[in-house]
Each structure stands twice: as C-alpha cells, then as structure tokens.
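Laboratory data are not the source of any read-out in this text; all were calculated from the coordinates shown. What you see is a predicted model, and the numbers here were worked out from it, not measured in a lab. For neighbour counting, all protein chains shown are included, and Cβ atoms are generated from backbone atoms with ideal geometry for every residue, glycine included.
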Amino acid sequence: MNSRTLPRPGKFPRLVGMTLLGAVSAVALQAQAADDNSAPTLLDALQSGKASVSLRYRLENVDQENFDEDANASTLKTRLSWDSGNYRGFTAGIEMDNVTATGDEDYNSTVNGNGSYPVVADPVGTEVNQAYLKYAAGDYSATVGRQRINLGDQRFVGGVGWRQNEQTYDGYRFQYGAAESLRIDYSYVYNVNRIFGEDSAKGDLRGDIQLFNASYPVTKGHEFALYLLDLDLANAVDASSRTLGLTYTGDFGPLKARLGYARQGESGDSSLNYSAPYYLAEVSGALGPVNAKLGHEVLGSDNGVGFTTPLATLHKFQGFADQFLATPGDGVEDSYLGASAKVFGGNLGVTYHKFAAAESAANWGDEWDLSYGRPINDTLAALVKYAVYSADEHGVDTNKLWLQLTAKF
C-alpha cells in the first residue's frame, strides 16, 4: 500500500492556519457559551456520520502512431468516504482511494516502467484523497486540510476527476457568499497532490500557491467573475506563474454566452520572462432536441512561452485525446463545434476541434470526440468515449477509446 502522507506546511501556511483556527475557535466558544444543552454533542456528530463506497472500472485503449504497441489499461478505482455530522458548525471528512490494475499493465502509467506503450496516467496505489475539517456559519465557511478545489468550470483550477487518481489540494480555503450574491473564494495551498501519485517525481507541486476568485451577478442571468492565481512553485520553478483574468457569462433566452480574458506572466523565482494572453468566446443554445455549442479559445504565448494551466482539469478542454496538456511555445487556438442530445435514455455528444498556433501560421491538427453515457439504474452508470486526433504539425495521429462502468453505494 502506498499511502500518501499529509505534508507539513511552511511558515506562511502555518500563520494562515493559526489565524483561521483562532477565528474558528472564538466563534465555537461563543456558540458554546450560548448553548441551551439541546444542541447535538460531538458524539452525536460522529454517530450521525455517513459512509459511502464508489467503484469505477475503466478500460482505456490508446493507438498512437509512434508506438508499435497499443496501450490497454484495465483499472478499477475504489473510493471509501466518510463525512461526519454537524457539531456547532464543524464537519469533518476523510476519503481513501485505491487504484488497481486488473490484468497485465500493458500501458505506461508514468511510474510502472512500461515505456514501450503509450501513456495512460492511471498509476496503481492507495492514497488519502481528502482529510479535512470544515467550519460553516451563515454565508461563511473555512476548510483546513486535504480537500477538493474546483473553481468555476475547472479551466484553471480543478480536480482532474476524469483520471483514476484525483488531484486534491493541501491547504486552507475561505469562502463567502451565496447564490445570486457576491461570492468570494480564497485558498492558500502549499501542496498539490497530482494525478501521477506519490511514487512519481511529478506527483506533487509544492510551494506558495494562492487562488482567488470573486463572482458577482450584476443582474439576473449575467455574471462577472474575477480571478487571480499566483503559483510560486518550489519544485517546478519555471512553471511558476501569475494569472489575472475576467470571465462573463450571460443568459439571452435561448442562447447563453461566455467571454473570457486573462493575462499570465512569470512568478516567484522563475527564470522566464513573458506576458501571454488568454481569450475565450463561446455561445451555446438549444436547437430543438439538440444542444449546440460554438467556441473559440486561445492560449497565447510570448517570448516562446505558452500560456499554461497546470492546475486545470485539462481533459475537459482542447479534446479528449489530451494532445495539449502542455501548451506549445507558439500557443494554441482551439475552434470547436459541439452538439449533444438525449438518445435512448442517455446523453450522446459529439465535438469537432480545429487546432492552430496562436503566434504563427502553423496548423497543429484536428480532432473528433464522441461520447455516450447512460444510467443503468440508481446505482450503476455506463460510459463510452472515443477520440480521433489527426496530427498536422503537432503530435502524432492518436485514437483513444474508453469503456467505463461506475457504481455508487
């Protein structure tokens, strides 16, 4: 068993944690002083906790032009979760994940040494996925420990939940606000537990990571979100960056629009010197029984350095084939058109991507993505996905197929 331990924070996160715990303790003591002896006890909170189990089996096949052998990754993720009841506003949670290969590991998990196969980044092992303490009162909440952090649509910060080993965050999170009002979300993270697992040199991103997001609905159906992401990384210095951006979402009856702009430059001790832009324009709407989406996203570059999103749930963006997990030095433009519809009790989706360089005339390639997911009953659900990437001046021709079955208890 490989059980990832919780790393110790540095000086700044210790200071943040002490401040948080002091404030939370003061609130808790005040609540205790006003106790009428009818509130739930700590024992009640523990006894009313809920446990759950989920299973996710996946077969992933990768046919990549520059490999003689196809990758065939047959893996099972087992997740055990427990969430406590509420005690004076406090709740706690713990979650354990185990990823097992069923059959031969005919794929490169990035740590199993099978470099003759294409990469399927699902290493086997057992880890603490979450272990946190949370306090909530009214519109405020504070969370300490290992936790899941998904900001917005996860374009910049997410959990990479598609992979069998989820990405979670060690640190402190403060949230304020409710639906239809100003919402503020700030996290200080000192370690990111990445999908590659603890046996990989790429398994952790350590440093001073600050994630700020504020959103405000200026009127019904129209909202702006401002975000500032500062990644001062200790073990990936040149990946350190600071990103400032703004997103608008609008509801225009049958159509919905999303617009985004951001600017990114170096941070911390990075040796790079760049200022790269990000642009997004997307419109979606229903055409009878079909939901359609048309968009154009640009991750620009400067001085040969591309705009990066290392904490994003990358599989959701720029194609299922994952050809742009690292932004090329000339950046990338993604023009996409997608459609989805309900078919035989499930959801059928198809998307076409055309990729090009943002700072040159290069054509990177194009991709077709197809997916069909359907619940079988209240416990089971099935998913089939297929991606075909046709390379031009980036990567190689790649086909990927996924067969997946999930169960929740």
Notebook entry, point to check: Mind listing the Cα extents of segment 169-308 along all three principal axes, in Å, largest one first?
Noted result: 49, 36, 28
Item checked: For segment 393-405, 3J(HN,Hα) per residue [Karplus equation, 6.51 cos²θ - 1.76 cosθ + 1.60, θ = phi - 60°, Hz, x = Gly/Pro] -> 10, 9, x, 9, 4, 9, 10, 10, 10, 10, 10, 9, 9
Next item on the list: Name the long-range amide H neighbours of residue 109: under 5 Å, sequence gap of 5 or more, or other chain; modelled H, no Pro or chain starts.
Entry: 114, 120
Next item on the list: Report the extension gain between residue 104 and residue 202 in nm, rounded to one decimal, defined as 0.36 nm multiplied by the number of residues separating them, less their alpha carbon distance.
Entry: 32.9 nm
Notebook entry, point to check: Given the C-alpha centroids of segment 252-276 and segment 52-112, what is the distance between them in whole angstrom?
Noted result: 31
Notebook entry, point to check: Taking the Cα centre of each part, how many Å lie between segment 147-187 and segment 314-377?
Noted result: 23
Notebook entry, point to check: How far apart, in nm, are the 7 Å Cα→Cβ label points at residue 237 and residue 39?
Noted result: 4.9
Check: Which residues' amide hydrogens lie under 5 Å from the amide hydrogen of residue 48, considering only partners 5 or more residues apart or on another chain, with H built in the peptide plane?
Finding: 85
Check: Using the Karplus equation 6.51 cos²θ - 1.76 cosθ + 1.60 (θ = phi - 60°), what ³J(HN,Hα) coupling, rounded to whole Hz, does each residue of segment 159-176 give in order, writing x for Gly and Pro?
Finding: x, 6, x, 5, 6, 5, 9, 6, 8, 10, 10, 9, x, 10, 10, 10, 10, 9
Notebook entry, point to check: Could you give the nm distance between label points at residue 363 and residue 69, where each point is 7 Å from its Cα heading toward the beta carbon?
Noted result: 3.5
Notebook entry, point to check: Once phi is turned into θ = phi - 60°, what whole-Hz ³J(HN,Hα) does the Karplus curve with 6.51, -1.76 and 1.60 give for every residue of segment 234-250, x standing for Gly and Pro?
Noted result: 8, 10, 8, 4, 6, 8, 5, 8, 10, 10, 10, x, 9, 10, 10, 10, x
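Ranking request for peptides 150-161, 344-355: highest mean number of other beta-carbon atoms within 10 Å first, then the rest in descending order.
Working: 150-161: 19.3, 344-355: 16.4.
Ranking, from highest mean packing down: 150-161, 344-355.
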Next item on the list: Please report how many Lys pairs in the chain have alpha carbons closer than 16 angstrom, counting only residues at least 8 apart along the chain or sitting on separate chains.
Entry: 13
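Could you tell me the relative contact order of the chain? Use alpha-carbon pairs under 8 Å, at least six residues apart, and round to a whole percent.
Numbers: 1092 pairs, mean separation 44.9, N = 409.
About 11 percent, as a whole number.
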Notebook entry, point to check: Once the chain is represented by equal point scatterers at the alpha-carbon sites, with solvent omitted, what log10 I(q)/I(0) does the Debye formula produce at q = 0.13 Å⁻¹?
Noted result: -1.36
Note to self: Sequence gap at least 6, Cα distance under 8 Å: using those rules, report the relative contact order of segment 139-258 to the nearest whole percent.
What the structure shows: 16
Next item on the list: Kindly provide the helix-only [θ] at 222 nm of the chain, computed as the sum of -39,500 (n - 2.57) over DSSP H runs of four or more divided by all residues, to the nearest 500 deg cm²/dmol?
Entry: -2500 deg cm²/dmol
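Given an 8 Å cut-off on Cα distances and at least 6 residues of separation, report the relative contact order of segment 284-400 as a percent. Mind showing how you got there, number by number?
Values: 263 pairs, mean separation 24.7, N = 117.
Reported as a whole number, the value is 21 percent.
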